[in-house]
1. Any idea which of 33, 86, 44 is at pLDDT 95 or above and more than 16 Å from the chain's Cα centre (by Cα)?
2. Restricting attention to region 43-50, does a residue exist that is without any contact (Cβ under 8 Å) to a residue 40 or more places away in the chain, surrounded by 15 or more Cβ atoms within 10 Å (Cβ to Cβ) and not hydroxyl-bearing (Ser, Thr, Tyr)?
3. Would you check if there is a residue in region 54-68 being within 13 Å of the chain's Cα centre (by Cα), of a type outside the set (A, V, I, L, M) and open to solvent by less than 80 Å² (accessible area, probe 1.4 Å)?
4. Of (1) touching a Ser or Thr at 6+ places or on another chain (Cβ under 6 Å); (2) more than 21 Å from residue 13 (Cα to Cα), residue 63 satisfies all except one. Which?
5. Looking at the structure I just gave you, is residue 1 within 21 Å of residue 127 (Cβ to Cβ) and modelled with pLDDT under 95?
6. Of these, 22, 26, which one is assigned to a loop (DSSP other than H, G, I, E, B) and of a type in the set (Val, Ile, Thr)?
7. Restricting attention to region 113-139, which residues are hydroxyl-bearing (Ser, Thr, Tyr), open to solvent by less than 20 Å² (accessible area, probe 1.4 Å) and farther than 21 Å from residue 30 by Cβ?
8. Need pairs with beta-carbon distance below 7 Å; first residue farther than 18 Å from residue 76 by Cβ and free of Cβ contacts under 8 Å to residues at least 60 places away in the same chain and within region 87-111, second of a type outside the set (Asp, Glu) and open to solvent by 20 Å² or more (accessible area, probe 1.4 Å); sequence gap 6+ or separate chains.
Amino acid sequence: MTDTGLTWQEAKAQTQATEMDIADQIPRDVVLSKDQQEKGGLLSCGPDRHRWKGATIVTVISGTDIESLVKDLADHYAQETEYEISTRRNILDQFELQLVVPDASENYIVAEFNTDSIRIPSSSSCFTLPEGVYPGGDF
């Protein structure tokens, strides 16, 4: 995992933009809302490096086949070279898509959150916090 030279603010902004890009691939006619967390936290990715983590939740019309939507997203992103993609069944037996930017810790997971929503948790590329900035709390 390489340090990208990003500030935590830049890493957060890029990651949130990608969350919304993923959410925007879901057909508008089934989307009721897109709610992105304003704040997230930091995860360690080395002794002096961190990555920002957050999430977006897309609420869809009741009765929408969420598994089909996630599979359509997997097909869409399979055409792109920016991401390594993998799919699996999670512990709740829901179809899950993972998008990873190669050579970075940047990561997005797309899966059913409940019967009427899709959650897109994410983590940014690694960055170094400025000296004196405590990595706990909200970012």
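The values are calculated or read from the model by the stated rules, or taken from the named source; none is laboratory data. What you see is a predicted model; the values in this text were computed from it and never measured. Quick reminder, even Gly has a Cβ in these numbers, built from the backbone with ideal geometry, and neighbours come from all protein chains shown. Side chains included, ligands, DNA and RNA excluded: accessible areas come from the protein's heavy atoms. Shrake-Rupley method; radii C 1.70, N 1.55, O 1.52, S 1.80 Å.
1. Exactly one of 33, 86, 44 is at pLDDT 95 or above and more than 16 Å from the chain's Cα centre (by Cα), namely 33.
2. Checking region 43-50: not a single residue is without any contact (Cβ under 8 Å) to a residue 40 or more places away in the chain, surrounded by 15 or more Cβ atoms within 10 Å (Cβ to Cβ) and not hydroxyl-bearing (Ser, Thr, Tyr).
3. Checked region 54-68: at least one residue is within 13 Å of the chain's Cα centre (by Cα), of a type outside the set (A, V, I, L, M) and open to solvent by less than 80 Å² (accessible area, probe 1.4 Å).
4. Here residue 63 clears every test but (1).
5. Against the criterion (within 21 Å of residue 127 (Cβ to Cβ) and modelled with pLDDT under 95), residue 1 qualifies.
6. Going through 22, 26 in turn, just one is assigned to a loop (DSSP other than H, G, I, E, B) and of a type in the set (Val, Ile, Thr): 26.
7. 122, 123, 124, 125
8. Pairs found: 89/95.
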